[in-house]
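Peer 1: Have a look at the structure that comes next, please.
The values are calculated or read from the model by the stated rules, or taken from the named source; none is laboratory data. Computed from a predicted model, the values in this text were never measured in an experiment. Here the Cβ positions follow ideal geometry from the backbone for every residue, glycine too, while neighbour counts run over all protein chains shown. Areas reflect the complete protein model, heavy atoms only, side chains present, ligands, DNA and RNA absent. Shrake-Rupley method; radii C 1.70, N 1.55, O 1.52, S 1.80 Å.
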Amino acid sequence: MNFEALVNTAHEMVADGKGLLAIDESAGTCDKRFAQWGIPQNAETRRQYRELIANTPGLGESISGVILFDETIRQRKDDGTPFAKAFTDLGILPGIKVDKGAKPMAAFPGEKITEGLDGLRERLAEYARMGARFAKWRAVLCISDGLPTQGCIEANAHALARYAALCQEAGLVPVVEPEVLMEGAHTLETCGEVTERVLRTVFRELYSQRVRLEGMILKPNMVLPGASCPTQQTVDEVADATVECLLRAVPAAVPGVAFLSGGQSGEIASARLNAMNVRFKARLPWAVGFSYGRAIQEPALQIWHGDPRNKVAAQQALYHRATCDRAARLGEYDATIEGGHRPSALAEVPWLVHAGAA
Ligand code: 13P
């Protein structure tokens with residue numbers, strides 16, 4: 001392992017206020033999102049959509065790295081350039097999702113364990129040869145009566161640590177993603193308690209598996225009230241609960257924390273990230289940034305609709321969200337910059353006009 005190179009890559013992933021863009025939806029998840037908008041669901045439309053993203057002018061101003069799915073890293077742009085090379089040429093680091101998904105955990109009803117450790121060393125070596133510089137593994141924990149159990153938290157934390165050690169051995173920066181889901185009626189306080197317990201367990205396992213914290217990125221959830229909790233805290237309250245939880249549980253040696261969006265809208269994900277950077281500016285030992293999937297992509301996907309005529313408008317929407325998140329990362333986001341990008345301003349997009357959705 002070249003430790004210095006690993007640390008440099010981890011720093012590059014969070015440098016200059018930039019963040020990560022997750023476009024690593026599995027074929028099944030991508031198809032589900034396409035189906036919502038009536039977009040044909042096949043490998044070619046998935047490739048076209050990823051090409052639209054790769055060709056977005058100016059994307060590298062705000063995005064330091066993209067997370068790809070196995071299918072995408074093996075695909076090429078129309079001009080024959082493999083995606084990993086296309087992003088590298090833009091100054092954007094290519095990354096790869098390497099877990100094989102969260103599966104029902106034996107003997108733990110309602111809970112999931114992420115699979116994918118078997119053969120991982122060989123897969124990582126292949127991805128590194130294809131140009132990947134970092135990797136991602138997501139564990140999911142849900143909150144409901146008596147859940148998550150300590151058994152489920154520990155099994156997932158152990159798998160995350162084993163994955164992270166293998167990544168570092170292969171020269172790839174591990175993005176360690178333990179996601180406490182926001183589905184449910186639980187309170188913000190409960191999410192905070194669970195998130196802290198999960199993060200403490202994850203860092204204990206990372207330590208016991210000899211993962212070098214300086215060469216990894218943490219991708220956590222924000223501390224949020226459950227989506228159906230009647231009490232929904234303000235942006236500032238969420239920012240405070242989230243950063244206070246992380247300050248207690250995340251060692252200062254970690255170079256960056258890059259939040260997942262987890263179903264938050266693009267605007268609220270930007271506003272909350274901004275509030276963290278404004279309110280805790282001088283007290284943050286790590287970069288506090290983003291690794292959003294839906295919160296950056298959703299408006300663009302909606303506009304694109306699988307129709308080449310909407311490509312430019314979709315790219316503008318993607319660029320806009322990425323720019324907002326870079327501003328938030330720098331504590332310079334202001335909701336007024338959303339003005340021209342709200343759905344009502346998209347009346348020129350043909351399908352929105354036809355669907356009467358503007
Ligand atoms: P979301 O931001 O849509 O939650 O996706 C991020 C991600 O990579 C989940 O693993």
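Peer 1: Can you pull a Stokes-Einstein diffusion coefficient for the range 206-306 at 4 °C (1.567 mPa s), Rh from Kirkwood over Cα pairs, as a whole number of µm²/s?
Peer 2: Once the numbers are plugged in, D ends up at 88 µm²/s.
Peer 1: List every residue whose amide H lies under 5 Å from the amide H of residue 140, counting only residues 5 or more places away in sequence or on a different chain, with H placed 1.01 Å from N in the peptide plane.
Peer 2: Under 5 Å from the amide H of residue 140 lie the amide H atoms of 114, 179, each far enough along the sequence or on another chain.
Peer 1: Over all distinct Cα pairs, what is the inverse of the mean 1/r for the chain, reported as the Kirkwood hydrodynamic radius in Å?
Peer 2: 20.5
Peer 1: Here's something else I'd like to know. May I ask you to evaluate 6.51 cos²θ - 1.76 cosθ + 1.60, the Karplus curve with θ = phi - 60°, for each residue of the range 153-158 and list the ³J(HN,Hα) values in order in whole Hz, giving x for glycine and proline?
Peer 2: So the Karplus estimates, Gly and Pro as x, are 4, 5, 5, 5, 5, 5 Hz.
Peer 1: Suppose R0 equals 25 Å. What FRET efficiency, 1/(1 + (r/R0)^6) with r the Cβ-Cβ distance, do residue 129 and residue 8 give to the nearest 0.05?
Peer 2: Details: r = 20 Å, r/R0 = 0.79.
Working from the Cβ atoms, E equals 0.80.
Peer 1: So what J values fall out for the range 64-80 if you push phi through Karplus, 6.51 cos²θ - 1.76 cosθ + 1.60 with θ = phi - 60°, rounded to Hz, Gly and Pro as x?
Peer 2: Once rounded to whole Hz, the list reads 8, x, 10, 9, 9, 9, 3, 4, 5, 5, 8, 9, 10, 6, 3, 7, x.
Peer 1: Still on this model: Per residue, how many Å² of accessible area does the range 1-155 show with a 1.4 Å probe?
Peer 2: 43
Peer 1: Pick out which of 266, 256, 184 has the largest mean-square fluctuation in a Gaussian network model of the chain, springs linking Cα atoms closer than 10 Å.
Peer 2: Of the options given, 184 has the highest mean-square fluctuation.
Peer 1: Continuing with the same structure: Roughly how far apart, in whole Å, are the Cα centres of the range 48-77 and the range 240-292?
Peer 2: Cα centres, the range 48-77 to the range 240-292: 24 Å.
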